[in-house]
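Chemist: If you scroll down you'll find the structure; I have some questions about it.
The values are calculated or read from the model by the stated rules, or taken from the named source; none is laboratory data. Given the structure is predicted, the values throughout are model-derived calculations rather than measurements. Positions of Cβ are generated from backbone atoms using ideal geometry, with glycine treated the same way; all protein chains shown enter the neighbour counts. When the accessible area is computed, the model is the full protein with side chains, heavy atoms only, and any ligands, DNA or RNA have been set aside. Shrake-Rupley method; radii C 1.70, N 1.55, O 1.52, S 1.80 Å.
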Amino acid sequence: FFVKDPVELRIDSAPHVHSHLRAHPNRPELGSRELNSNGQFYISKEDKHEVHDGHLVRLMDCINFIKQGETYTFHSTGIEAFRGVGKKIIHWLPIIPELVKAKVLMPDGTWAEGLAEPGARQLTAGAILQFERFGFVRYDREEDGVRIFWFAHK
């Protein structure tokens, strides 16, 4: 996961969850990674702006929550509770110190800045990967503690 323009999201009464995220949704042989959450997350500023009162929203492969005013409240863990009534599935990162600062050079010369999951530290120059819901990127280098990527395509 890569969260562009991250903002904090605190979900009241959220349980501690161990989320198992597949490296590729249709190829389980590629393995998975685990992210642990404790009710405090980063989501993109854009996604937070699109969460509306009373809507059931899902943090991808994690939990479901509802917004009421300025409060975000845990609803359930299973995807079944979301299906048919949920409004949006968004990606997320737990608020942990191991997250990686990242910048992506976009085709128009601008930079998309945000945070990536801890596994981004293990990448070698030239690695190509997909930042879910963002696009495919190529890892270039680390500069002043920030991982630099080049955007390839959606």
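Chemist: To two decimal places, what compactness ratio does the chain give when its Cα radius of gyration is scaled by 2.2 N^0.38 Å? Don't skip to the end; give the middle numbers.
Modeler: Working: Rg = 15.8 Å, N = 154, 2.2 N^0.38 = 14.9 Å.
Its radius of gyration relative to the 2.2 N^0.38 Å reference: 1.06.
Chemist: Give me the accessible area per residue for region 115-154, probe 1.4 Å, as a whole number in Å². Show your work: numbers first, answer last.
Modeler: Values: 2330 Å² over 40 residues.
Accessible surface, normalised per residue, equals 58 Å².
Chemist: Calculate the FRET efficiency for GLU8 and GLU50 from the Cβ-Cβ distance with a Förster distance of 22 Å, rounded to the nearest 0.05.
Modeler: Details: r = 16 Å, r/R0 = 0.73.
So the FRET efficiency works out to roughly 0.85.
Chemist: Using R₀ = 25 Å, calculate the FRET efficiency as 1/(1 + (r/R₀)^6) where r is the Cβ-Cβ separation of ARG27 and THR110; round to 0.05. The partial results should precede the final answer.
Modeler: On the way: r = 32 Å, r/R0 = 1.29.
The formula returns an efficiency of 0.20 here.
Chemist: I would also like to ask the following. Give the Cα extents of region 75-114 along the principal axes, in whole Å, largest first.
Modeler: Over region 75-114, Cα extents along the principal axes are 41, 28, 10 Å.
Chemist: Lysines within cross-link reach of LYS103: Cα-Cα under 23 Å, excluding same-chain residues under 8 positions apart?
Modeler: LYS4, LYS45, LYS48, LYS154
Chemist: Please list, in chain and number order, the residues 5+ apart from HIS75 or on another chain whose amide H is under 5 Å from its amide H, with Hs placed from the backbone.
Modeler: Amide H neighbours of HIS75: ASN64, PHE65, ILE66.
Chemist: Shifting gears a bit: Give me the percent of accessible area attributable to carbon and sulfur for the chain, probe 1.4 angstrom.
Modeler: Values: 4230 of 8650 Å².
The C+S portion of the solvent-accessible surface of the chain is 49 percent.
Chemist: A further question follows. By average Cβ neighbour count within 10 Å, what is the ranking of 134-144, 102-112, 57-67, 85-95 from highest down?
Modeler: Working: 134-144: 15.2, 102-112: 13.6, 57-67: 21.1, 85-95: 17.7.
Top of the packing list down: 57-67, 85-95, 134-144, 102-112.
Chemist: Moving on. If contacts are Cα pairs under 8 angstrom and at least 6 residues apart, what is the relative contact order of the chain in percent? Each step should come with its number before you reach the end.
Modeler: Details: 333 pairs, mean separation 33.6, N = 154.
The value is 22 percent.
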